[in-house]
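To start, the structure itself, in structure tokens.
The values are calculated or read from the model by the stated rules, or taken from the named source; none is laboratory data. The structure displayed is predicted, hence computed values, not measured ones. Reconstructed Cβ throughout: ideal geometry from the backbone, glycine too, with neighbour counts over all protein chains shown.
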4 protein chains.
Amino acid sequence: MTETTPGWLSDDELELTRARMPILYVDAVPVRVDDRGEVTHVGLLLRIGPDGTVSRTLVSGRVLHHERVRDALLRHLEKDLGPVALPHVPASLQPFTIAEYFPTQGITPFHDPRQHAVSLAYVVPVAGDCRPRQDALDLVWLTPSEAVSPELQQEMPGGQGVLLKQALSHVGCLG
Amino acid sequence: MTETTPGWLSDDELELTRARMPILYVDAVPVRVDDRGEVTHVGLLLRIGPDGTVSRTLVSGRVLHHERVRDALLRHLEKDLGPVALPHVPASLQPFTIAEYFPTQGITPFHDPRQHAVSLAYVVPVAGDCRPRQDALDLVWLTPSEAVSPELQQEMPGGQGVLLKQALSHVGCLG
Amino acid sequence: MTETTPGWLSDDELELTRARMPILYVDAVPVRVDDRGEVTHVGLLLRIGPDGTVSRTLVSGRVLHHERVRDALLRHLEKDLGPVALPHVPASLQPFTIAEYFPTQGITPFHDPRQHAVSLAYVVPVAGDCRPRQDALDLVWLTPSEAVSPELQQEMPGGQGVLLKQALSHVGCLG
Amino acid sequence: MTETTPGWLSDDELELTRARMPILYVDAVPVRVDDRGEVTHVGLLLRIGPDGTVSRTLVSGRVLHHERVRDALLRHLEKDLGPVALPHVPASLQPFTIAEYFPTQGITPFHDPRQHAVSLAYVVPVAGDCRPRQDALDLVWLTPSEAVSPELQQEMPGGQGVLLKQALSHVGCLG
């Protein structure tokens, strides 16, 4: 499934629209949980940018026309974690927060130079085997305390380090 | 402030985009609360459609490019309830639910023939004097039990009766 | 594990305390979800009271001294659904609502003649095989629309029918 | 109103019960918000302990027998902030988190040497004039970034610094 399906936007149209409307996104924080549901690890994707910089990111992407939020979450989780990650998308779609990414810096903690994106953010336990695909080099599982270390926070672009801390706060793992 | 400001979409462009992308909305359920914060009444707008049908609606509208969700809420509340309604937008932007309006009926309880809209839904206490403007004829305050009556639910188009019930459920007023 | 462990209350002490303090409870709504996390069924326990009346209930019980809320949820789920139900307790302990059961009727929709109980309410997907134990005769899986039917609501004592509707509202299954 | 009203616990009984049951609490984070509902400041109570140590705390206290959670919140807010603080208790009693205070250190981030307390935590905007009473010496309003400074966090006992960070995270003010 590619994003060039009729009814969706061509790349040019997407560029134009990005300058005119907020774009709906989902952000998923993949986690490992123990038998009691408590978060033990968070998964971060390791990416190498065009300029060689290392960055660590959450699972993130657009919601498409006529796509349910639930299906968008699953599509991006499968795209980034592979087909056997077995994500448990929450029964309720009440997000733990709304992340507002602006093309202008400093309006919120979140920044996306390409667009104004508004993202529904979820914590998603994954039970299966994760095999990063596409442009992600690797997936690393970190403990909550490792995940909020200043070093790691610096490697998360666009404010995603803040979003990760909000997720850990929501699940009671903000030490 | 109109929606023809440069940087936003012309009517034609909006039509085109509506066929290609989910459009980000906010829905607000205006409520009166007592001194303890408990909801005593919900406010519904009375509208007369082009074909003469009566409908009752929540406060609802698009989020614009480069507009914060919080500001979009305030703009639509002021547009529909007037300038002295004194809405108390919640400190947290965690919505009580996400309403997915599809142009196709039956996918979710929510339907919008014009577009695929994804709406962040909030309960908003209003403390001041409400004077409906624009195309709303009147604002009626109803008790929670009046608001969930089958007669009234039938007058709420596009599934907004369900969204109203979800709001009342969230604030503990679902009978 | 019984509730007579030293450090916990004897039956007499429990009676006395119930007349003096709010008692902390958890309520769990067991659900089946599909691959996308959407609720397809809710599980209700069928009980026969001392007077022969049939009632349907959620999984519910006290939190004990020095017990984590998460462990209380698991203990009551195992007690009522058996050891291989495989409940997925949510990663976040933010409850979808607080149910306040009063010994006096009419203060809230919730009523418990024995005590003032305040319950943290959760929706809990269960993936395994459920075998009701203790005083429950049976566990029945119902679709969301079956679960909110007036007949069934009447069989749920103490306001648990309202709590079930709140749970279904929270997961977007309140039609 | 004192806590020796018949039907409530005497001091001796409270001591005994604290050793046997989890005690239900509420925690309120008082905040100032701007016209758009965004948090600008958080209020912390300054207390001097019996041993002269300075501590900063949230508004916190027990829920009494037959008292609604909403009324307990208002009672403790009035006790700590005075009668004209004009707190806006949220329309929904869904807490942003549950804080589990254990008498044993290290089980959760929260610790109370006296008891096992489970607290429902809320962010409460206050619009009026705050005049600390009882054992609080002063109320200080801090910006979110001041409130999460390591110095200030060290002055907050029992894990309340963590709870404050969770509150700020929930309202989107975590750095």
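Structure values in brief
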item: B:L139, sole failed condition from (1) surrounded by fewer than 22 Cβ atoms within 10 Å (Cβ to Cβ); (2) at pLDDT 95 or above; (3) away from chain D (no Cβ under 14 Å); result: (2)
item: Residues located in the stretch B:4-18, provided they are within 22 Å of the chain's Cα centre (by Cα) and either more than 8 Å from chain A (Cβ to nearest Cβ) or modelled with pLDDT of 95 or more (or both); result: B:T4, B:D11, B:L14, B:E15, B:R18
item: Any chance B:Q105 is over 25 Å from B:Q153 (Cα atoms) and without any contact (Cβ under 8 Å) to a residue 24 or more places away in the chain; result: no
item: Among residues of the stretch A:19-58, those that are touching a His at 6+ places or on another chain (Cβ under 8 Å), more than 14 Å from chain C (Cβ to nearest Cβ) and surrounded by fewer than 21 Cβ atoms within 10 Å (Cβ to Cβ), counted; result: 2
item: Matching residues, the stretch B:96-126, being part of a loop (DSSP other than H, G, I, E, B) and either in contact with a Leu (Cβ under 6 Å, 6 or more places away or on another chain) or among the acidic types (D, E) (or both); result: B:D112
item: Candidate set: the stretch A:59-82, residues that are within 8 Å of another protein chain (Cβ to nearest Cβ) and among the acidic types (D, E); chosen: the one farthest from B:A19 (Cα to Cα); result: A:D71
item: Residue match in the stretch A:72-80 (condition: surrounded by fewer than 20 Cβ atoms within 10 Å (Cβ to Cβ), within 20 Å of B:F110 (Cα to Cα) and out of contact with any strand residue (DSSP E or B) (no Cβ under 7 Å at 6 or more places or on another chain)); result: no
item: Filter result for D:V63 (out of contact with any Ser or Thr (no Cβ under 9 Å at 6 or more places or on another chain), of a type in the set (A, V, I, L, M) and either at pLDDT below 95 or within 24 Å of D:D11 (Cα to Cα) (or both)); result: yes
item: Hits in the stretch C:83-107 - residues which are among the hydroxyl-bearing types (S, T, Y) and within 7 Å of chain A (Cβ to nearest Cβ); result: C:S92
item: Residues located in the stretch C:32-84, provided they are of a type in the set (G, A, S), under 30 Å from D:Y101 (Cβ atoms) and in contact with a helix residue (DSSP H, G or I) (Cβ under 8 Å, 6 or more places away or on another chain); result: C:S60, C:G61
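Every residue, every condition in (1) surrounded by 23 or more Cβ atoms within 10 Å (Cβ to Cβ); (2) within 23 Å of B:R18 (Cα to Cα), yes or no:
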| position | (1), (2) |
| --- | --- |
| B:V84 | no, no |
| B:T97 | yes, yes |
| B:G106 | no, yes |
| B:D112 | no, yes |
| B:Q115 | no, yes |
| B:A127 | no, no |
| B:E146 | no, no |
| B:G159 | no, yes |
